[in-house]
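Novice: Before I ask anything, here is the structure I am working with.
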Amino acid sequence: MSDNKLKQVVVYGLGAMGRPMARNLHQQGLLVGIKNRTEGKSKAMQNELGLTAFESDSEMFQAADTVLTCVSADQDLMDVVAGFIDDLKPGSTVIDCSTVSPKTARTLADDLASRGIAFMDAPVSGGVEGAKKGTLSVMVGAEREEYKRASEVFAAIGSQITHVGKVGQGQATKAVNQVMVAGVAQAVCSALAFAENCNLDMKKAIEVLSAGAAGNWFLDNRGHTMVKDEFNVGFKLQLLHKDLKICQEALKDLGADLSVVDQSIEDYAQLMDMGHGDDDISGLIRLRRAAFNNQES
Ligand code: NAP
């Protein structure tokens, strides 16, 4: 029986997430090439992994059956796909792991389908830590047959791979995820600012709270760092701000709004204005502390 699995991947976008994903694909023998806007990053990784050098980008894309994209935002994704679409063979597939809107995913799927190229939205959760360990949670929107073809690619980057529905449904699931992430960050940052102002021993407080009904991943993984004013780990708050704008738009299409989304957009915009856009989302505690001190840190 012929194996129609996807096995020749070009990774486009070597940021905090794309780099470790490319390494994991390489380890499984599935990586044929890499591409990044800032060329220094792709040259460094080319040397690190000892990848075959192609005469041109065109030749590299023609050698692939899959392009896995992981870039910042909607327009960036539209631009990069427009740049390589003419080089892809009919029958090949684009798997997008960026966080963009469901509408962008559906638009790209239609554009690519008219050229015989498949598209899957496959946004991820699990952070840079999950990308490095190959344990991402992947929310896939795709035709079932396409999803099955990509099983080896997904197994290389994640440990929880779920086919959630048709194209666009992966991004819709990710939007739901980001509403929860924002809500948990609001709850934990507010509560820990309160705890600090009760003069609690923060190490003991986090330990006992983690073990009870309020325990959660964000408290376990960011609690101890945020009380030490360490915000250089994890998920840049400007990216969550971008994701929440997607959520706000999707809610608007449904004639609804959610206060946690609106409040978080306002808070993260304020932190970006203060020059903290590259901080982890736990940097929100700066604003919650200010509410007690009546000043901003
Ligand atoms: P990042 O470190 O900021 O990297 C962004 C990547 O996108 C870089 O390779 C950048 O190229 C490229 N890029 C941006 N705009 C571009 C454009 N117009 N044309 C071509 N390339 C462009 O971001 P990241 O953390 O890897 O995140 C990537 C995506 O994954 C985002 O959609 C993010 O929301 C999502 N995500 C991130 C996390 C996380 O914890 N970081 C978790 C889940 C999902 P240059 O190197 O040239 O700048």
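The values are calculated or read from the model by the stated rules, or taken from the named source; none is laboratory data. Predicted model only: the values in this text are computed from it and were never measured. Cβ: placed from backbone, ideal geometry, glycine included. Neighbour counts: every protein chain shown.
Novice: Can you find a residue that is among the polar types (S, T, N, Q) and at positive phi anywhere in segment 267-281? Reasoning before the result, please.
Specialist: Keep residues of segment 267-281 that are among the polar types (S, T, N, Q), which gives 270.
Filter again for at positive phi, leaving none.
No; the residues of segment 267-281 include none that is among the polar types (S, T, N, Q) and at positive phi.
Novice: Restrict the check to segment 84-100 and report whether at least one residue is loosely packed, with under 14 Cβ neighbours inside 10 Å and polar (S, T, N, Q). First the steps, then the outcome.
Specialist: The first filter runs over segment 84-100 and keeps only residues loosely packed, with under 14 Cβ neighbours inside 10 Å, leaving 86, 89-91.
Now drop any that are not polar (S, T, N, Q), which leaves none.
No, that holds for no residue.
Novice: Of the numbered conditions (1) surrounded by 15 or more Cβ atoms within 10 Å (Cβ to Cβ); (2) within 16 Å of the ligand (Cβ to nearest atom), His26 satisfies every one except a single condition; which is it?
Specialist: (2)
Novice: Find the residue count for segment 210-246, including only residues that are touching a Leu at 6+ places or on another chain (Cβ under 9 Å) and either more than 12 Å from the ligand (Cβ to nearest atom) or modelled with pLDDT under 95 (or both). Spell out how you get there, then give the answer.
Specialist: Applying the first criterion (touching a Leu at 6+ places or on another chain (Cβ under 9 Å)) to segment 210-246 yields 210, 215, 219, 223, 226-227, 231, 237-238, 241.
Still in the list and also either more than 12 Å from the ligand (Cβ to nearest atom) or modelled with pLDDT under 95 (or both): 210, 215, 219, 223, 226-227, 231.
Adding up the residues that qualify gives 7.
Conditions (1) touching an Asp or Glu at 6+ places or on another chain (Cβ under 9 Å); (2) surrounded by fewer than 16 Cβ atoms within 10 Å (Cβ to Cβ); (3) within 14 Å of Gln178 (Cα to Cα), marked per residue:
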{"site": "Asp243", "(1), (2), (3)": "no, no, yes"}
{"site": "Ile246", "(1), (2), (3)": "yes, no, yes"}
{"site": "Asp253", "(1), (2), (3)": "no, yes, no"}
{"site": "Leu258", "(1), (2), (3)": "no, yes, yes"}
{"site": "Val261", "(1), (2), (3)": "no, no, yes"}
{"site": "Arg286", "(1), (2), (3)": "yes, no, no"}
{"site": "Ala290", "(1), (2), (3)": "yes, yes, no"}
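Novice: Any idea how many residues of segment 87-118 are over 15 Å from Asp74 (Cα atoms) and touching a residue at least 40 places away in the same chain (Cβ under 8 Å)?
Specialist: The total comes to 1.
Novice: Could you tell me whether Ser42 is within 13 Å of the ligand (Cβ to nearest atom), under 21 Å from Ala131 (Cβ atoms), among the polar types (S, T, N, Q) and in a loop (DSSP other than H, G, I, E, B)? Give the steps one after another, and end with the answer.
Specialist: Details: within 13 Å of the ligand (Cβ to nearest atom): yes; under 21 Å from Ala131 (Cβ atoms): yes; among the polar types (S, T, N, Q): yes; in a loop (DSSP other than H, G, I, E, B): no.
Taking the combined requirement at face value, the residue does not satisfy it.
Novice: Can I ask one more? State all residues of segment 1-23 that are away from the ligand (no atom under 12 Å from the Cβ) and in contact with a strand residue (DSSP E or B) (Cβ under 9 Å, 6 or more places away or on another chain); if no residue qualifies, say none.
Specialist: Step one: of segment 1-23, the residues away from the ligand (no atom under 12 Å from the Cβ) are 1-10, 23.
Leu6, Lys7, Gln8, Val9, Val10, Arg23 - these are the residues of segment 1-23 that are away from the ligand (no atom under 12 Å from the Cβ) and in contact with a strand residue (DSSP E or B) (Cβ under 9 Å, 6 or more places away or on another chain).
Novice: Looking only at strands (runs of 3 or more DSSP E) that lie completely in segment 88-203, which have at least 2 residues being assigned by TED's automatic domain parsing to the domain that holds Thr66, small (Gly, Ala, Ser) and at pLDDT 95 or above?
Specialist: Numbers: elements: 93-96, 118-121, 136-141, 158-165.
Qualifying strands (runs of 3 or more DSSP E): 136-141, 158-165.
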